[in-house]
1. Taking R0 as 22 Å, what FRET efficiency do you get between D189 and A226 from their Cβ-Cβ distance, rounded to the nearest 0.05?
2. So for each of 103-111, 163-171 I average, over its residues, the number of other beta carbons within 10 Å; can you give me the resulting order with the highest mean first?
3. Please list, or write none, the lysines whose alpha carbon is within less than 29 Å of the alpha carbon of K216, excluding same-chain residues fewer than 8 places away.
4. Calculate, in nm to one decimal, what T238 and I32 gain on full extension: separation in residues at 0.36 nm each, minus their alpha carbon distance.
5. If each of T282 and E124 carries a label point 7 Å out from its Cα toward its Cβ, how far apart are those two points in nm?
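None of the figures in this text is laboratory data; all of them are computed from the coordinates on show. This structure is a prediction, so every number in the text was calculated from the model and none was measured. Cβ placement follows ideal geometry from the backbone for every residue including glycine, while neighbour counts extend to all protein chains displayed.
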Amino acid sequence: MRLCNGWIASTMAVAGLLVPAAARAQSQDAPIHHDSGQSVSPAFEGWFGNPDGTFSVSFGYLNRNYTEELDIPVGPNNRIEPGPADQGQPTHFMPRRNAGVFTVVVPADFGKKELTWTIVAHGETISIPGNLRPEWRIDALKEAANGNTPPALKFDAGGKIGQGPGGIRAEMKATSSVPLTLDVLVTDDGIRNRQGDTDDPNASARRPALGVNWSKYRGPGAVTFAEVAPKITNGKATTTASFQQPGDYILRVLAWDNSGPPGAVMAGGFQCCWTNGYVKVTVSPTAATQGRQQ
């Protein structure tokens, strides 16, 4: 009995010494939040089929910085292979996780090939391959559980409608001295996607969520939005963008529905439902007539 008690006492003493050491190691190994200086990792979100038999490969990214926004031009440090280095990826990277930012359309006979996106940031190179493996198929255009679809987005009443990560595109002209007005028209099917909504007795009294967010996607200078997330009124959201310097820009507008913004959606492992819109803006240094082409 004394031997047993001695063994227990010895074990407890050793454990008492080990726990603080383990705690110190765990504390040292814990991730540290960095405002800047960290890498950017591409993210392969999955793939989905298109009506014409082609496939869309969806990508996003994780900017490990909490405040730093990085600009990485297309080229050796921001490339997609095989094929041309420029396949529509962003060159401006917002902080933290940004899901479903763009898609690359691959042919029907893509088969077992891979599409690799490589980003070099702060000296660290990270490559992520995309593929058409069955386990990576996503329901980006219709949520299988309840039939929820992405918001319908367009830039004017008579324009084309876009839905899903592939999105819709438009072109505009602006000057560096005059804020550019940005209008989007957005509607949604109103289908709720969260289980909590169906269990909530007050859910029917709440209007389905619907929102838009603007960000810089490409461009040589800073872009300032009057409202990053303008309120949608009668299906329309309006903001303005001011450009630091002339050049060619691409702005991204994200329209999301009741399933939540991409950050929230990815936390639950879902890939539906949101829509991307991309506006190419040619900014001149002198006063010029602003116009839109689609």
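1. According to the calculation, E is roughly 0.15.
2. 163-171, 103-111
3. By straight Cα distance, K216 reaches K142, K154, K160, K173, K231, K236, K280.
4. Working: separation 206, 0.36 × 206 = 74.16 nm, distance 3.79 nm.
Separation in residues times 0.36 nm, less the Cα-Cα distance, equals 70.4 nm.
5. 4.0
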